[in-house]
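First the structure, in the form of structure tokens, and then the observations on it.
Read-outs throughout are calculated quantities, based only on the coordinates presented, and are distinct from any laboratory measurement. As the structure is a prediction and not an experimental result, all values here were calculated from the model. Positions of Cβ are generated from backbone atoms using ideal geometry, with glycine treated the same way; all protein chains shown enter the neighbour counts.
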Amino acid sequence: HSFILGVVLCVFQIDTLEEKLSQCRENLEELDFKLRREELTPEGRKSLERERNLLATKAENYEKELKALRHENRKNAALSVALVLLLVVIYTCWTM
């Protein structure tokens, strides 16, 4: 029962992080556009560059966390398959 809850939680966390990463990338694109196209004061440019660096770091962290969660999800999937196969073997042996 707790295994199933763990799998569901992992999938939920992956979905949530993917949404956050997507939003972060959109914000980065907007900032890059502003930095390229708009006339900015030196202070304004510096502020946007700091914000861009923070977003880039946040996106990088989301990507690392997603990688770890996807790895965990693959392990859970492999364990699920192994359990199903074990049940099939037990059932086959029991009914013979």
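Assorted remarks:
- Folded to 0 to 90 degrees: helix 2-37 orientation relative to the chain principal axis, Cα: 20
- All lysines inside 29 Å of Lys75 as judged from Cα atoms, apart from same-chain residues fewer than 8 positions distant: Lys20, Lys58, Lys64, Lys67
- For Lys46, the lysines whose Cα falls under 16 Å of its own Cα, not counting residues fewer than eight places away in the same chain, are Lys34.
- Each label was represented as a point 7 Å from its Cα along the Cα-to-Cβ direction; for Ala77 and Ile4 these points are 2.0 nm apart.
- The share of alpha-carbon pairs in the chain lying farther apart than 18 Å comes to 64%.
- Peptide ranges 66-72, 84-90 listed from the most packed, as the mean C-beta count within 10 angstrom indicates: 66-72, 84-90
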